[in-house]
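Report on one structure; see the data block that follows.
No value in this document is a laboratory result; all are computed from the given coordinates. The model shown is predicted, which means the values in this text are computed figures rather than measured ones. Reconstructed Cβ throughout: ideal geometry from the backbone, glycine too, with neighbour counts over all protein chains shown.
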Amino acid sequence: MILAAMSLFQREGYAAASWRRIVQESGAPWGSAHHYFPKGKEQLGLAALEMASQTVAASMARCFPEGGVAADGVRQLFEGGAKLLAKSGFTAGCPICTVALETAPQSPTLTETCNSAFQLWRQTIADGLVRCGMSAPYAAKLAVLALAAFEGALVQARTAQSQEPMLDCATMLEQLCREPKSGA
């Protein structure tokens, strides 16, 4: 059920993923929904967002191996996202972003969970850039930009039905990875 919710949030958003539809898509018996998630859809949503957050963070971390090249890690991050989007037929967005846009600030619980995911992702990118030899202060700032660019490029690529916005962002961020880090 958690995977089904995550997939539906990614493709259609939180509101479109009705409780009944999540159960149906998961193939779980109807009674399982209330047994495992007695507080309803929001409780299941939290579990799906937390799983998405951890899954994406692990994928991001793999882009930046110890001693790697920061620009290569950024390129891998964006190309990987672009490939997944294209493979989905440009239907799979970011489950965290879609839920955040729909529910913040009406649902404080979902808002905080989305915020925590974005914080984790920024920190994961920053840590990866540091592993690649970048200074921590510059890496932290670049991570904010990289995540904002990734989410924005993902939306643009999805609506344009093209990987190009993501690949263009990767190219520009690669240049920032190679710029002198003084004063940042």
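Descriptive notes on the structure:
- Cysteines of the chain lacking any other cysteine Cβ under 4.7 Å from their own Cβ: CYS63, CYS114, CYS132, CYS169, CYS177.
- Three-way shape label, the stretch 112-151, alpha-carbon gyration tensor, a/c 1.5: prolate
- 0 to 90° range, to nearest 10: angle between helix 70-87 axis and the chain longest Cα axis: 30
- For the chain, the C-alpha radius of gyration divided by 2.2 N^0.38 Å, with N the number of residues, is 1.10.
- Pairwise FRET efficiency - GLU42 versus ASP72, Cβ, R0 = 35 Å, nearest 0.05: 0.30
- Mean Cα-pair separation over length for the stretch 52-178, i.e. relative contact order, pairs under 8 Å, 6 or more apart, %: 39
- For the stretch 84-154, the dipole from Cβ point charges (+1 on Lys and Arg, -1 on Asp and Glu) about the Cα centre works out to 240 debye, to the nearest 20.
- Neighbour counts of other Cβ atoms within 10 Å put VAL23, VAL56 in the fewest-to-most order VAL56, VAL23.
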